[in-house]
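See below for the structure under consideration.
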Amino acid sequence: MKKKWNSPIHSFFSDDVTICEGEDGCRYHFFKCASSRCKGRGIKGVKRAFENTDGSRASDAGSPSNLRKHAILCFGQQAVDSAIAGQGPKNPDGSIFAAFARAGQKPVTVTHRAHTDAEARAHIVEWVTESTRPPNIVNDRGFRTLMTAGRPNLHLPSARTISRDIKASFTKCKATIDNLLQNHPGQLSFATDAWTSPIHRAFVAWTVHLHHEGTPLCFLLDIIEVPEVSCILLRPSSFIIVV
């Protein structure tokens with residue numbers, strides 16, 4: 001029977017569905033709400049009868065209507081609509097600033113339900129890239145223990161899969177930024193900067209700055225290591241650096 005539960009509404013409930021018997025002798029499935037702060041009255045979930053008093057199958061045994069009502073109560077209409085439409089839970093701020101802002105500038109959101117395998121995979125890719133972690137960190141025993149605690153059925157991607165997803169994400173983001181810069185109606189300001197790192201290596205970077213829908217954006221275009229730096233004295237009070 002579980003194989004026929006293909007509605008996205010079931011993602012808002014625990015995978016551990018129990019079979020109980022009511023006072024009238026009818027058996028029902030109990031779906032435990034995945035929210036840590038369930039707003040249901042009395043029980044923290046939904047009862048759905050699948051058997052009549054005479055032992056015959058209930059006509060609405062597979063109906064997700066009650067599950068949907070409970071999911072809207074605990075998670076909100078937007079989250080339920082997104083799940084039904086096959087989309088992930090969207091960030092309340094859908095601006096391009098929220099998409100490309102630095103990690104410390106991004107709005108923080110908390111979800112009430114466990115991530116699906118696809119969502120967990122996407123968030124791992126985001127975490128690895130923003131925190132400059134190596135892809136093989138997903139093979140770390142402690143990391144896998146923390147991620148699968150309470151969710152033994154969670155499928156964690158391999159390091160090779162994470163590397164492939166990072167490359168695909170980079171290609172997609174590059175195309176998005178290229179399209180934004182090429183079709184930007186305003187002015188683009190370009191800047192360059194050079195500095196020496198603590199390991200005595202010189203670098204030069206090029207950036208582009210713009211205002212998009214009232215929000216300042218800055219993108220790093222390129223960064224290269226300078227193999228050699230030479231100083232040429234023009235006059236006693238000034239000199240020029242040639243790289």
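The values are calculated or read from the model by the stated rules, or taken from the named source; none is laboratory data. The model shown is predicted, which means the values in this text are computed figures rather than measured ones. Positions of Cβ are generated from backbone atoms using ideal geometry, with glycine treated the same way; all protein chains shown enter the neighbour counts.
Some observations on this one:
- Conditions (1) under 30 Å from A34 (Cα atoms); (2) modelled with pLDDT of 90 or more; (3) surrounded by 14 or more Cβ atoms within 10 Å (Cβ to Cβ); number of the one not met by R164: (1)
- Set side by side, the residues S35, S14 differ, and just one is surrounded by 11 or more Cβ atoms within 10 Å (Cβ to Cβ), of a type in the set (G, A, S) and under 21 Å from A85 (Cβ atoms), which is S35.
- Here the helices (runs of 4 or more DSSP H) wholly within the stretch 1-111 that include at least 1 residues being at pLDDT 70 or above, under 30 Å from A175 (Cβ atoms) and of a type in the set (G, A, S) are 77-84.
- Any chance G150 is within 24 Å of V128 (Cβ to Cβ), surrounded by fewer than 10 Cβ atoms within 10 Å (Cβ to Cβ) and modelled with pLDDT under 90: yes
- Hits in the stretch 188-200 (condition: over 32 Å from the mean Cα position of the chain (by Cα), part of a strand (DSSP E or B) and of a type outside the set (V, I, T)): D193, A194, W195
- Put simply, of T145, T207, T132 the only residue that is surrounded by 10 or more Cβ atoms within 10 Å (Cβ to Cβ) and of a type outside the set (G, A, S) is T207.
- Qualifying residue in the stretch 201-215 (condition: outside the structural domain of A34 (by TED's automatic domain parsing), of a type in the set (S, T, Y) and more than 26 Å from the chain's Cα centre (by Cα)): yes
- Number of residues in the stretch 141-194 that are free of Cβ contacts under 8 Å to residues at least 12 places away in the same chain and in contact with a helix residue (DSSP H, G or I) (Cβ under 7 Å, 6 or more places away or on another chain) equals 1.
- Condition met for P185 (in a loop (DSSP other than H, G, I, E, B) and farther than 30 Å from D117 by Cβ): yes
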